[in-house]
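Data first, discussion second: the structure below is written as structure tokens.
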Amino acid sequence: DQVYSGKEYVGWGENNAYPQYLWELYNNCSTLQSIINGCADFTIGKGITNNTGICQENIFGDTVSDVIEKAILDRWIFGGFAIQVKFDEFSGDIITISHIDYRKCRVSEDFKYVFVHDKWNRWGSNRYEKFHAFDRDNGAENGVQIYYYRGVRTRSVYPIPYYSAASISCEIQIKAKLFNFNELDNNFASTGIVNFNNGVPEEPEKKEIEAMLNKKHAGAKNAGRMVISFNEDKEHAATFERLATDDLPERYSNLQTESRADIFIALRAHPQLFGMSIPTGFADIEYQEAFDLLYNTHIVKKQNEVKGVFCKIFDRPDAIIFEKLDISKTEN
């Protein structure tokens, strides 16, 4: 977190862009996305009973259940979520609630205000909207407040996602996948040096030769881009020297395996629960035990957090109720 001089809001990460970084990890790391989507589904359970008194859709076409589902996904990705609450300015009753993209939210150091902007790390970041943080007692300008929930895993202003310790492993997964794609797109050609030993041409001719070779042999995005050297002699022959080692794909594969395991460890999740088969003879009873452990130590806590927020917003203990998910073989 970073307090900017003269700014109303507290920055979140380098260039005020940490939540966007988390979003890109989620979008590009299939292992992380699978676990988060699965945990979000487990958290939603078999459905949500809506006792808020709001039945109509908001201006975005979302029901209360839709808003809750989006908040749950944000909770797993970012460590928190934001809900916009609109009041009737005369009666003070809540009219609608809406999900606010957590990437777009920043808060004041005293948590009294929430600021919303589409592109915090780009030019024009001062053109944000300013809202009162949720506070039933003090009301709100224009009848709108934002409940900014930052979870319990924080020591400053913004939340810390559960997989933060495995963020580097997520990056490794992404880069290893891109490496394999580029290798395939490049027909598995090895990067290397091409030496032209029949004299040094003029600069325009050098560039033309280099462009021609890389266009023909380097593949998409110059994945196998070559280094070209022009030499005076050596029997006027061109030689090719390999730079990449033969075991590079194997090393990348090992990195993928290790980084994937690190992501599962960080989220305390068992691979079998998220569609990843493992050669261990994982029995049905072990599957049920793994699910029960995840559900009782991880999922229920998230449900209670989300329920607590919505019960506070609507000032009633049963504002929403989660119907427990049962994955046993006896379920119909």
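Dipole size in debye (nearest 20) for region 1-138 around its Cα centre, Lys and Arg Cβ +1, Asp and Glu Cβ -1?
Numbers: 14 positive and 20 negative charges, 71 e Å.
Roughly 340 debye for region 1-138.
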* Computed E for Ser156/Glu205 - FRET, C-beta separation, R0 51 angstrom, nearest 0.05 -> 0.30
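Determine the sum of side-chain charges near Cys39: Lys and Arg each +1, Asp and Glu each -1, restricted to other residues whose C-beta is under 12 angstrom from that of Cys39. Before the final figure, lay out each step's value.
Numbers: positive: Arg75, Arg268, Lys301, Lys302; negative: Asp41.
Counting the neighbours of Cys39, the net charge comes to +3.
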* Structure fact -> Computed about the Cα centre, the charge dipole of region 37-86 from +1 Lys/Arg and -1 Asp/Glu charges at the Cβ has a magnitude in debye, to the nearest 20, of 140 debye
* Lys312-Val300 pseudo-label distance in nm [points 7 Å out on the Cα-to-Cβ vector] -> 2.2 nm
* Accessible area of Tyr9, 1.4 Å probe, to the nearest 10 Å²? -> 10 Å²
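Taking region 60-102 on its own, what percent of its Cα-Cα pair distances exceed 12 Å? It would help to have the intermediate numbers written out before the result.
On the way: 534 of 903 pairs.
Above the 12 Å cut-off, region 60-102 has 59 percent of its Cα pairs.
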* Please give, to one decimal in nm, the separation of the simple spin-label points placed at Thr49 and Ile95, each 7 Å out from Cα toward the Cβ. => 3.0 nm
* Structure fact -> With every protein chain in place, the accessible area of Glu24 for a 1.4 Å probe, in Å² rounded to the nearest 10, comes to 90 Å²
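The values are calculated or read from the model by the stated rules, or taken from the named source; none is laboratory data. Quick caveat: nothing in here was measured; it's all calculated off a predicted structure. Counting neighbours? That spans all protein chains shown, and the Cβs are built from the backbone with ideal geometry, glycine included. For the accessible areas, the whole protein counts, side chains as well, though only heavy atoms, and no ligand, DNA or RNA atoms are used. Shrake-Rupley method; radii C 1.70, N 1.55, O 1.52, S 1.80 Å.
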